[in-house]
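Below: the structure, in structure tokens.
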Amino acid sequence: MTQEYIRLLARKFFEGTASEEEKQLLHEWYDRLIEDETSETVFTESSAAEIRDRMHTNLKSWQEQQNPAKRFGWVRRLTAWSSAAAAVIIIGFLLWTNERRPVESDIRLVQAPLGKTIRVNLPDGSHIWLNAGSALTYPIAFKGKTREVVLREGQAFFDISRDTTRPFIVHAKTLDITVLGTSFDVKAYENDPDIKVTVKTGKVGVQVRDKPGQPALMLLPAEQAVVVEKAQKIHVNEISKPAIAPWKDNRMVFEDELLVEVLHALERKYNQHIIIEKEGLSSEKISLTLDNQPMPDVLKVLGFSKNFNYSQLNDSTVVIK
């Protein structure tokens with residue numbers, strides 16, 4: 001893991017927004033760092049004692065929720081972290097500040113609200129489009145041997161400037177996606193069961209993060225990797241080019257898509273909440289192309305095709321029966 005990704009995990013841990021998997025990754029990195037005596041020390045605005053106490057409390061609290069058989073091993077590890085230097089090393093990945101004098105963070109968070117898409121220009125000349133309800137973090141300047149960003153939630157289309165000396169890496173849920181210079185789409189919403197990576201141009205490497213020993217799966221144009229999060233297995237499908245990120249041009253193209261995912265996409269595009277009361281719709285699939293029709297017109301077409309009715313409960317809620 002790079003320093004940029006470690007800093008993100010540490011920040012999420014202290015904010016209380018890290019997932020269990022992210023907490024585990026951070027703990028594993030802590031273990032490796034304990035054995036490394038050459039780690040760099042970075043000064044922060046907090047005192048070493050404050051950092052030590054804060055980390056000890058947070059890590060111990062998290063560990064007490066895990067398997068009791070493993071708990072005491074973590075406590076022993078935490079004891080080894082009592083030195084001020086170790087505490088400063090860890091927090092240094094989270095805060096880049098001078099002693100007691102905060103400076104601007106080197107990480108940017110960009111969020112696309114529901115009902116809107118936005119474009120982000122990266123410092124290396126690359127461009128990213130964020131779909132509605134998406135969030136991305138990226139550094140204000142790429143340093144080191146890689147260019148890395150984190151798709152924290154949602155869907156993004158990446159048009160990456162080619163640099164054969166510095167790969168571009170996207171972290172999205174359980175995946176690491178690596179390119180040198182290409183264009184591709186990543187869909188990783190929290191309420192969708194799958195993660196999807198679709199290539200428009202060039203080659204894209206896809207790897208499950210907790211299986212570092214496995215080589216990356218290489219995708220070619222018009223190929224889509226579908227990863228069921230729970231199974232952690234990658235399936236590859238072919239997809240037509242018109243179905244690759246049409247949302248950034250205010251169009252929606254679905255090819256043999258689960259109806260539930262189509263309804264989720266409508267929720268984000270029209271900033272509506274859809275309640276499904278009709279049984280059996282979760283397994284239905286549909287192929288559909290939409291431009292910018294009003295949502296009632298779209299629901300009428302879907303209802304006719306899949307035999308359901310709908311009603312507008314209020315200004316922001318639709319019920320499907």
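The values are calculated or read from the model by the stated rules, or taken from the named source; none is laboratory data. Note that this is a predicted model, so its numbers are computed, not measured. With ideal geometry, Cβ positions are generated from the backbone for all residues, glycine too; neighbour counts draw on all protein chains shown. Quick note on the areas: whole protein, heavy atoms, side chains included, nothing else; ligands and nucleic acids left out. Shrake-Rupley method; radii C 1.70, N 1.55, O 1.52, S 1.80 Å.
What's the Cα-based Rg to Rh of region 99-258, Rh via Kirkwood?
Radius of gyration relative to Kirkwood radius: 0.96.
Where the accessible area of region 240-321 is counted over protein heavy atoms with a 1.4 Å probe, how much of it, in %, is carbon and sulfur? Intermediate values should be presented prior to the final figure.
On the way: 2130 of 4470 Å².
Roughly 48 percent, rounded to a whole number.
Tell me which residues come under 5 Å, amide H to amide H, from residue 114 once H is placed; ignore anything under 5 positions away on its chain.
133
Taking N as the number of residues in region 163-294, what value does Rg over Cα atoms divided by 2.2 N^0.38 Å take?
1.12
Please check which bits of region 216-256 a label hung off residue 301 would reach, taking the label as a point 7 Å along Cα-to-C-beta and the cut-off as backbone N under 15 Å.
Backbone N within reach: 243, 246-247, 250-256.
Leaving out ligands and nucleic acids, note down the accessible area per residue over region 136-287 with a 1.4 angstrom probe, in whole Å². The partial results should precede the final answer.
Details: 6870 Å² over 152 residues.
With all protein chains present, region 136-287 gives 45 Å² per residue.
For residue 161, what is the net charge nearby, where nearby means another residue's Cβ is under 13 Å from its Cβ and Lys, Arg count +1, Asp, Glu -1? It would help to have the intermediate numbers written out before the result.
On the way: positive: 147, 162, 166; negative: 124, 159, 163.
Overall, the nearby charge balance is 0.
Summing +1 for each Lys or Arg and -1 for each Asp or Glu, what net charge is found among the other residues whose Cβ lies under 13 Å from the Cβ of residue 287?
Values: positive: 285, 306; negative: 255, 256, 257, 261, 284.
With Lys, Arg at +1 and Asp, Glu at -1, the neighbours total -3.
Calculate, in whole percent, how much of the Cα-Cα pair population of region 191-253 lies beyond 18 Å.
41
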